[in-house]
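Just below is one structure, and these are the notes that go with it.
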Amino acid sequence: MRYFSILVEGIPRIELKQLNRGFVDQTVSALSACIRAAFFLSGEIRRNTVVYILVKREGYTFKLVGSELKYLGPDTRSIAILLMRTQRELNKLNKRREIRSRRGVYICENSDMVETLRRIATNQIIFPTTSGEAIEKIKLGRNVNVIIPIRYPFTISERNKLFGQGYKGVFFRDIYTVDNFIVMVHNRLDSLWSNDSDGDN
């Protein structure tokens, strides 16, 4: 499985009226680009991919499961509407640790981001950094969690914390948006495990 853990400070309230007028907040636009890069391959959804959106300020996580997602298009509006509908379900989380918002989308508590990352069952965690190794030089398995900061690059203290957890830094230039990092990781994993791109574990 491929996991992408997107770290974001907060997600602004998404309003359908604004979307219909073509106005999309920068954070929502960046999230949509990451979700599109993570899930879509030639018009199909990658079934072997799970995306976590860890929202630091409000202490919750959205989990999108590729093998369960239905009726999701690659355009920003379609993805933003999915996020908007999931936001509306947040009040149901009140006394429950996890709820299923709609097919393939879950909302979970996230009181500690480090613990949330640890609970994602992978044997390998990587993240982009301007001082890491080239991805071709890193031995990657099939079961990997990729940490994606919406605001890149990480600060020095954030980067050091990730290194301190034993996570592997992958070289990525800060002139590119982070959805390009997701594409880079997918491309590398596809080349290593060519028969795994259709969702097989």
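The values are calculated or read from the model by the stated rules, or taken from the named source; none is laboratory data. Keep in mind it's a predicted model, so treat the numbers as computed, not measured. When we count neighbours, we look across all protein chains shown, and the Cβ atoms used for this are built from the backbone with ideal geometry, even at glycine.
Quick look at the numbers
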item: Members of region 86-115 found to be within 16 Å of the chain's Cα centre (by Cα) and of a type in the set (Ser, Thr, Tyr), listed by number; result: Thr86, Tyr106
item: Condition check for Arg77: surrounded by fewer than 16 Cβ atoms within 10 Å (Cβ to Cβ), assigned to a helix (DSSP H, G or I) and either in contact with a helix residue (DSSP H, G or I) (Cβ under 6 Å, 6 or more places away or on another chain) or not small (Gly, Ala, Ser) (or both); result: yes
item: Residue tally, condition assigned to a loop (DSSP other than H, G, I, E, B) and either surrounded by 16 or more Cβ atoms within 10 Å (Cβ to Cβ) or within 13 Å of the chain's Cα centre (by Cα) (or both), over region 1-24; result: 4
item: Residues of region 122-133 satisfying the condition of being within 15 Å of the chain's Cα centre (by Cα) and either loosely packed, with under 11 Cβ neighbours inside 10 Å or at pLDDT 90 or above (or both); result: Ile125, Ile126, Phe127, Pro128
item: Failed criterion for Glu136 (all others in (1) within 30 Å of Glu44 (Cα to Cα); (2) assigned to a helix (DSSP H, G or I); (3) under 16 Å from the mean Cα position of the chain (by Cα); (4) not hydroxyl-bearing (Ser, Thr, Tyr) hold); result: (3)
item: Residue list for region 27-45, restricted to those being over 18 Å from Thr86 (Cα atoms) and either modelled with pLDDT of 95 or more or assigned to a strand (DSSP E or B) (or both); result: Ala37, Ala38, Phe40, Leu41, Glu44, Ile45
item: Region 57-87, subset touching an Asp or Glu at 6+ places or on another chain (Cβ under 9 Å) and charged (D, E, K, R), residue modelled with the lowest pLDDT; result: Arg57
item: Residues of region 163-190 classified as part of a helix (DSSP H, G or I), within 21 Å of Asn143 (Cβ to Cβ) and either touching a Lys or Arg at 6+ places or on another chain (Cβ under 8 Å) or in contact (Cβ under 8 Å) with a residue 60 or more places away in the chain (or both), total; result: 5
